[in-house]
Amino acid sequence: MNFIVTAGGTRERIDAVRTIANEATGKLGSLIAEELAERLSGKEHTVYFLCGTGSCLPKTGSGNIRVLHVEGTGQLQDTLIGLLKEQEIDAVIHSMAVSDYKVSSVTTPEHIAQALAEKFRGAPLPLSEAEWERAVSQAVFARPLSAEHKISSDLEHPVLVLEKTPKIIGLIKDASPKTLLVGFKLLSGVSRKVLIDTAYGQLKKNRCTYVLANDMDSVVRGNHEGFLVDESGNYAAFSGKEQIAKGVADSVLRKLMEAQG
């Protein structure tokens, strides 16, 4: 059996030395990788652990775990989809916190103002809000700073222009339709019903077998609560990262065994 566990968070480059990152630690993902490897000890298997910079790493003594480091969303996509197409992957546990945005361009208010001044010098100003929006959008990209090297720290107000990244979870079943997929959903300040319903919506949208619904408030309090939602909309509740990891590993392996007859 072969598995992919993604964990930690992606980092998106601003320039050669700066990044935008999130605070995901990868701890839960590392525990899930350990649980899978331990249960499959003595059997032929590989657990590919795709993790972001600074992620917690699984203990590799319990089984065949291959750690693959990725930085940005693009590298994650290439590595993950590459594995799915090159290897027979039985299950993907996608716990990684993937950046929703990446840096498209870096500029300054001065550069934007200069671009607008040049565009409308001797020309009529836009009359509608839509025309202004187009003009400003063009000006934002007209004079980008080079991000190949470190951007000067003397800039008072650098402007970061962000663009959406692809939803990696939505690409997994397209690349490997038979692979069992476990998604993760993290919300804060909502009721359990909203949390479960949102997770179930993600399950249906991305063709997951399970989605682990996480309550951020419980994570902050130090007692991580997770609810593993299945294809029927039912869920199993777990408390603490260790118990969540065991629950995910048990459910995934049980489902794979059922499929094998």
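The values are calculated or read from the model by the stated rules, or taken from the named source; none is laboratory data. Note that the structure is a prediction, hence the values are computed from the model and not measured. FYI the Cβ positions are ideal-geometry reconstructions off the backbone, even for glycines, and counts take in every protein chain you see. For accessibility, only protein heavy atoms count, side chains too; no ligands or nucleic acids. Shrake-Rupley method; radii C 1.70, N 1.55, O 1.52, S 1.80 Å.
Kindly indicate the residue of the range 5-27 that is of a type in the set (A, V, I, L, M, F, W, C) and buried (at least 21 other Cβ atoms within 10 Å of the Cβ) and also modelled with the lowest pLDDT among those meeting that condition.
Ranking the qualifying residues of the range 5-27, first place goes to Ala24.
Quick one: Ser99 ticks every box in (1) assigned to a helix (DSSP H, G or I); (2) polar (S, T, N, Q); (3) touching an Asp or Glu at 6+ places or on another chain (Cβ under 7 Å) bar one, so which box is it?
Here Ser99 meets the rest and fails (1).
Considering only residues that are part of a loop (DSSP other than H, G, I, E, B) and among the hydrophobic types (A, V, I, L, M, F, W, C), look in the range 151-175 and name the one that is nearest to the chain's Cα centre (by Cα).
Within the range 151-175, the match that is nearest to the chain's Cα centre (by Cα) is Ile168.
Where residues in the range 102-135 are in a loop (DSSP other than H, G, I, E, B) and of a type outside the set (D, E, K, R), which of them is nearest to Glu163 (Cα to Cα)?
For the range 102-135, the residue satisfying everything is Thr108.
Could you go through the range 230-237 and let me know if any residue there is closer than 22 Å to Gly26 by Cα and of a type in the set (Ser, Thr, Tyr).
For the range 230-237, residues closer than 22 Å to Gly26 by Cα and of a type in the set (Ser, Thr, Tyr): absent.
Give the residues of the range 87-100 that are touching a Leu at 6+ places or on another chain (Cβ under 6 Å) and either at pLDDT below 95 or of a type in the set (A, V, I, L, M, F, W, C) (or both), sorted by residue number.
Ala91, Val92, listed by residue number.
Can you go through Glu258, Glu148 and tell me which one is more than 22 Å from the chain's Cα centre (by Cα), within 23 Å of Ala37 (Cα to Cα) and open to solvent by 20 Å² or more (accessible area, probe 1.4 Å)?
Checking each option against the conditions leaves just Glu258.
Collect the residues in the range 185-217 that are of a type in the set (Gly, Ala, Ser) and free of Cβ contacts under 8 Å to residues at least 12 places away in the same chain, keeping them in residue-number order. Break it down into steps so the answer makes sense when it comes.
Of the range 185-217, the ones of a type in the set (Gly, Ala, Ser) are 188-189, 191, 199, 201, 213.
Those that are of a type in the set (Gly, Ala, Ser) and free of Cβ contacts under 8 Å to residues at least 12 places away in the same chain: Ser191, Gly201.
Going through the range 176-202 one residue at a time, which ones are under 17 Å from Thr6 (Cα atoms) and either acidic (Asp, Glu) or under 17 Å from the mean Cα position of the chain (by Cα) (or both)?
Leu181, Val182, Gly183, Phe184, Lys185, Leu186
So which residues in the range 151-196 are surrounded by 12 or more Cβ atoms within 10 Å (Cβ to Cβ) and more than 30 Å from Ile89 (Cβ to Cβ)?
Residues satisfying the conditions are Ile151, Leu155, Pro158, Val159, Leu160, Val161, Leu162, Ser188, Val190, Arg192, Val194.
Any residue in the range 99-127 that's in contact (Cβ under 8 Å) with a residue 24 or more places away in the chain and among the charged types (D, E, K, R): show its pairings with residues that are open to solvent by less than 80 Å² (accessible area, probe 1.4 Å) and part of a loop (DSSP other than H, G, I, E, B) at Cβ separation under 9 Å, as long as the two are six or more apart or on different chains.
Between residues of the range 99-127 that are in contact (Cβ under 8 Å) with a residue 24 or more places away in the chain and among the charged types (D, E, K, R) and residues that are open to solvent by less than 80 Å² (accessible area, probe 1.4 Å) and part of a loop (DSSP other than H, G, I, E, B), the close pairs are Asp100/Thr165; Lys102/Thr10; Lys102/Gly72; Lys102/Thr165.
From Glu110, Glu71, grab the single residue that is among the charged types (D, E, K, R) and touching a Lys or Arg at 6+ places or on another chain (Cβ under 7 Å).
The match here is Glu71.
Please find, within the range 116-145, the residue that is least open to solvent (accessible area, probe 1.4 Å) out of those that are of a type in the set (A, V, I, L, M) and touching a strand residue (DSSP E or B) at 6+ places or on another chain (Cβ under 9 Å).
So in the range 116-145, the residues of a type in the set (A, V, I, L, M) come out as 116-117, 123, 125, 127, 130, 135-136, 139-140, 142, 145.
If we keep only those that are touching a strand residue (DSSP E or B) at 6+ places or on another chain (Cβ under 9 Å) as well, we get 139-140, 142, 145.
On the way: Ala139: 4, Val140: 25, Ala142: 61, Leu145: 44 Å².
Filtering first and then ranking leaves Ala139.
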